[in-house]
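The structure appears below as structure tokens.
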Amino acid sequence: MRKAPVYFFSEEVKYTLKNKTLIRNWINETIIAEGYQLDELNFILCSDEYLLAINQQYLKHDTYTDVITFDNSEELKTILGDIFISIERIQENARQFRSTTQQELCRVMIHGTLHLLGYKDKGKVAKTLMTKKEDQYLALLNDEPII
């Protein structure tokens with residue numbers, strides 16, 4: 001299978017993502033391992049307020065969150081999506097969970113990607129499986145200098 005584009009953008013924040021090529025390859029490998037094909041995936045790193053506005057407008061939730069995933073694909077087993085991530089929430093979560101911002105960012109990136117792959121996180125059984133999959137794919141980065 002071909003490796004398709006994974007893009008990184010920022011809105012209302014200044015954050016420099018490290019190891020972009022490694023992250024692109026990791027996301028691609030995850031998608032392929034799950035039996036999907038990547039058409040295009042955009043990660044938009046943004047501020048709390050930017051993501052709150054998206055949450056209010058599109059999901060009708062008036063709460064801060066770390067990630068919102070939009071599945072734009074029209075074909076089965078094909079990934080075309082946008083994943084919005086609040087860098088401010090990521091930094092706060094990293095402090096709370098005693099990890100680095102980069103580690104937390106990778107966790108949330110794979111979480112959003114897993115949603116596009118059909119995994120859910122509502123309910124105990126679904127959440128347990130989602131966490132197991134997150135850990136499985138994060139383990140692939142353990143030997144890399146990224147996290």
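The values are calculated or read from the model by the stated rules, or taken from the named source; none is laboratory data. Fair warning: this is a prediction, and the values are worked out from it, not measured in the lab. Reconstructed Cβ throughout: ideal geometry from the backbone, glycine too, with neighbour counts over all protein chains shown. The protein model used for the area step is the full one, side chains on, heavy atoms only, and it has no ligands, DNA or RNA in it. Shrake-Rupley method; radii C 1.70, N 1.55, O 1.52, S 1.80 Å.
Things to note:
- Heavy-atom accessible area with a 1.4 Å probe sorts Glu92, Glu34, largest first, into Glu92, Glu34.
- Shown here: region 1-52, whose C-alpha atoms stretch 37, 23, 14 Å along the first, second and third principal axes, sorted largest to smallest.
- Residue-by-residue Karplus 3J(HN,Hα) for region 93-99, coefficients 6.51, -1.76, 1.60, Hz, glycine and proline x: 4, 4, 5, 5, 8, 6, 10
- Exposed loop positions in the chain were taken to be chymotrypsin sites (Phe, Trp or Tyr not before Pro) whose DSSP state is not H, G, I, E or B and which have at most 14 other beta-carbon atoms within 10 angstrom. Between these positions, the longest stretch is 1-63.
- P(r), alpha carbons of region 40-104 - 10 Å bins starting at zero, rounded %: 22, 43, 29, 6
- Cα-based shape type of region 70-138, given that a ≥ b ≥ c are square roots of the gyration tensor eigenvalues and the cut on a/c is 1.5: oblate
- Whichever lysines have a C-alpha closer than 21 Å to that of Lys60, once near sequence neighbours (fewer than 8 apart) are set aside: Lys120, Lys122
- Given 15 as the ceiling on other Cβ atoms within 10 Å, longest exposed-site-free region of the chain for trypsin sites (Lys or Arg not before Pro) in DSSP loops: 19-59
- Paramagnetic label zone (point 7 Å from Cα along Cα-to-C-beta, Val13; backbone N under 13 Å) in region 69-99: 83-95
- Approximate spin-label separation His61-Leu22, in nm, with each point projected 7 Å along Cα-to-Cβ: 3.0
- Applying the Karplus relation 6.51 cos²θ - 1.76 cosθ + 1.60 with θ = phi - 60° to region 69-84 yields 3J(HN,Hα) values of 10, 10, 8, 9, 6, 10, 10, 4, 6, 10, 9, 9, x, 10, 10, 9 Hz, where x marks Gly and Pro.
- Mean residue ellipticity, 222 nm, helices only, the chain: the sum of -39500 (n - 2.57) across DSSP H runs of n ≥ 4, divided by residue count and rounded to 500, is -15000 deg cm²/dmol.
- Across the chain, the relative contact order, built from alpha-carbon pairs under 8 Å that are at least six residues apart, equals 22 percent.
- Put the Cα centre of region 10-35 next to the Cα centre of region 87-140 and the gap is 13 Å.
- Placing pseudo-labels 7 Å out from each Cα toward the beta carbon at Ala126 and Phe97 gives an inter-label distance of 1.9 nm.
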